[in-house]
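Here's the structure we're looking at; comments come further down.
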Amino acid sequence: SNILITRGADGMSLFNKDKTVMDIPTEARQVKDITGAGDTVVSTIALALSAGATLNQASILANHAAGVVVSKFGTVAVTHRELLGLMSSENNKIKSLEEIKEISKELKRMNKKIVFTNGCFDIIHPGHTKLLRESKKLGDILIVALNSDSSVRKIKGKNRPINSESVRAEVLSSLEYVDYVTIFPDLTPANVIDVIRPNVSTKGGDYSISDFPKEEKNALEKAKSKITIIPFLEGYSTTDLINKVDNKI
């Protein structure tokens, strides 16, 4: 079965029966009163599902609605205009995996060449921008899968990331080479690759296919994605930047 967990200031997590997990960051700008937030989530999901939305889409809509409710005092209803206004003000490059799935289908129907890359992108530096710039040159649309905060901690340690996933996604989406950003909670982007099925997949550094985790390698082979390695730009790394800052404090 599917399980949706509300996590207060941390947003919501949807555990799908296909074993995928979608983390939905909170939409609340300023919390004044949490009264009715849970009821709002349940009722919005019920309404969205009855209107034909998928569970992922319904959960995202419910998260927006809850964000409106907790920004007001007392028990209030969310208006149609408020919900539309909030969603129209969103960054239109940052997409859920469900949205990316539909976008990718449409891009393929239009014979667009999809390029994919992934990473933590914690503190953006010239090494990152080179990877993204060179990746975009290899196709029509560049989709970046961004490690969630929880997956960065598992990969980089408890003191990372420096910037939250919402901040990192916002910075990435501001770059002209990046067309879409999606956040994923896993240690490898295998599930995202299965959904997007990119024409080209890029990595920065001196990787070879044998270095890839098995599930990521299998996903790329299944998608028949061409793998391109883009060399690191010497002298730049997030770890080095953090060390420089630490040494000056």
If I go through the range 123-153 residue by residue, how many of them are touching a residue at least 60 places away in the same chain (Cβ under 8 Å) and closer than 17 Å to ASP23 by Cβ? 2
Select from the range 28-67 the residues that are modelled with pLDDT under 80 and open to solvent by 30 Å² or more (accessible area, probe 1.4 Å) and write down the one among them that is nearest to LEU146 (Cα to Cα). ARG29
Conditions (1) at pLDDT 95 or above; (2) over 23 Å from GLU106 (Cα atoms); number of the one not met by ILE193: (2)
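Scan LEU131, LEU83 and give me the residue that is open to solvent by less than 50 Å² (accessible area, probe 1.4 Å), assigned to a helix (DSSP H, G or I) and in contact with a Gly (Cβ under 6 Å, 6 or more places away or on another chain).
LEU131
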Within the range 171-200, considering residues that are under 15 Å from ASP140 (Cβ atoms) and among the charged types (D, E, K, R), the one most open to solvent (accessible area, probe 1.4 Å): GLU176
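Can you tell me which residue in the range 177-200 is nearest to the chain's Cα centre (by Cα), limited to those that are outside any helix (DSSP H, G or I) and among the charged types (D, E, K, R)? Write out each step before concluding.
Going residue by residue through the range 177-200, those that are outside any helix (DSSP H, G or I) are 177-189, 197-200.
Among the residues that remain, those that are also among the charged types (D, E, K, R) are: 179, 186, 197.
Working: ASP179: 13, ASP186: 11, ARG197: 16 Å.
The residue in question is ASP186.
Please specify each residue of the range 201-234 satisfying the condition of being among the basic types (Lys, Arg) and either open to solvent by less than 90 Å² (accessible area, probe 1.4 Å) or assigned to a helix (DSSP H, G or I) (or both).
Result: LYS203, LYS214, LYS217, LYS222.
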Condition test on ASN92, is it open to solvent by 30 Å² or more (accessible area, probe 1.4 Å), under 22 Å from THR182 (Cα atoms), more than 19 Å from the chain's Cα centre (by Cα) and at pLDDT 75 or above? no
SER151 meets each of (1) in a loop (DSSP other than H, G, I, E, B); (2) crowded, with 19+ Cβ neighbours inside 10 Å with one exception, condition (1)
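Restricting to the range 178-219, name every residue that is among the basic types (Lys, Arg) and closer than 20 Å to ILE155 by Cα.
Residues of the range 178-219 among the basic types (Lys, Arg): 197, 203, 214, 217.
Result: LYS203, LYS214, LYS217.
Out of ARG168, ARG160, report the one residue that is touching a strand residue (DSSP E or B) at 6+ places or on another chain (Cβ under 7 Å), modelled with pLDDT under 95 and open to solvent by less than 50 Å² (accessible area, probe 1.4 Å). Explain how you work it out, then say what you get.
Details: ARG160 fails: touching a strand residue (DSSP E or B) at 6+ places or on another chain (Cβ under 7 Å).
Being touching a strand residue (DSSP E or B) at 6+ places or on another chain (Cβ under 7 Å), modelled with pLDDT under 95 and open to solvent by less than 50 Å² (accessible area, probe 1.4 Å) holds for just one of ARG168, ARG160, which is ARG168.
The values are calculated or read from the model by the stated rules, or taken from the named source; none is laboratory data. All values derive from a computational prediction rather than experimental measurement. Methodologically, a virtual Cβ is constructed for each residue, glycine included, from the backbone with ideal geometry; neighbour enumeration extends over all protein chains shown. Ligands, DNA and RNA are excluded from the accessible area calculation, which covers all protein heavy atoms including side chains. Shrake-Rupley method; radii C 1.70, N 1.55, O 1.52, S 1.80 Å.
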